[in-house]
1. Search the range 109-151 for residues being of a type in the set (Val, Ile, Thr) and assigned to a loop (DSSP other than H, G, I, E, B), and hand back the single one that is nearest to Lys82 (Cα to Cα).
2. Applying the selection to the range 1-46, what residues are touching a helix residue (DSSP H, G or I) at 6+ places or on another chain (Cβ under 8 Å) and of a type in the set (Phe, Trp, Tyr)?
3. Conditions first: (1) farther than 28 Å from Phe74 by Cα; (2) within 20 Å of the chain's Cα centre (by Cα). Glu144 passes all but one, so which condition is the exception?
4. If you take the residues in the range 86-104 that are farther than 12 Å from Ser45 by Cβ, hydrophobic (A, V, I, L, M, F, W, C) and in contact with a Phe, Trp or Tyr (Cβ under 8 Å, 6 or more places away or on another chain), which one is surrounded by the fewest Cβ atoms within 10 Å (Cβ to Cβ)?
5. If the requirement is being among the acidic types (Asp, Glu), surrounded by fewer than 15 Cβ atoms within 10 Å (Cβ to Cβ) and closer than 27 Å to Arg88 by Cβ, which of these qualifies: Glu7, Glu42?
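Every number in this text was worked out from the coordinates using simple rules, so none of it is lab data. In this text, all values refer to a predicted model and were calculated from it rather than measured experimentally. Cβ: placed from backbone, ideal geometry, glycine included. Neighbour counts: every protein chain shown.
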Amino acid sequence: MHGNKHETICFIWRKQILNSYIKKQGLRSTPERVKILELIHEMNSHFTIQELFNILNKKHKISKATIYNNINIFIECKLLVKHSFSNRESLYEKNNFQNTYHLICKCGKIQEFQNKKISSILELVKKDFKEQQVKSYSLNFYTECTSCPNA
């Protein structure tokens with residue numbers, strides 16, 4: 001695990017969340033699970049299971065089944081977010097616990113952004129529907145950039 005002090009603290013925090021979750025679920029901590037978490041923590045963009053598998057298998061022999069099983073655990077304990085953008089393969093990203101939105105371009109580029117006005121609208125929705133707890137939401141904008149064919 002490399003990086004600055006802040007990144008080290010963030011990883012320790014993520015590992016604590018994971019350990020607490022797996023203990024509650026009656027699962028055990030495994031070296032493979034920690035290696036997968038380390039790699040996800042170091043990633044700063046969206047990724048597919050295949051990309052994760054390819055990177056992990058350069059140094060560690062971890063089966064795709066093990067990766068899939070752990071991905072589901074990471075999603076359940078809110079350390080990972082799964083995205084299904086249009087007709088594409090599912091993409092994943094570490095959960096930074098911030099309100100981010102996506103611009104998904106026809107050419108494949110994905111750009112995340114934050115916007116206080118959108119976040120304030122979401123807070124109003126939560127207030128207006130107090131009897132229902134918002135568990136998750138997704139806001140995506142589908143675009144065409146100047147690099148897209150026929151743009």
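1. Step one: filter the range 109-151 for residues of a type in the set (Val, Ile, Thr), giving 110, 118, 121, 125, 134, 143, 146.
Subset that is assigned to a loop (DSSP other than H, G, I, E, B): 134, 146.
Details: Val134: 17, Thr146: 28 Å.
So, considering only residues that are of a type in the set (Val, Ile, Thr) and assigned to a loop (DSSP other than H, G, I, E, B), the one nearest to Lys82 (Cα to Cα) is Val134.
2. Result: Phe11, Tyr21.
3. The number of the failed condition is (2).
4. Ranking the candidates gives Leu103 first.
5. Details: Glu7 fails: closer than 27 Å to Arg88 by Cβ.
After applying the criteria, what remains is Glu42.
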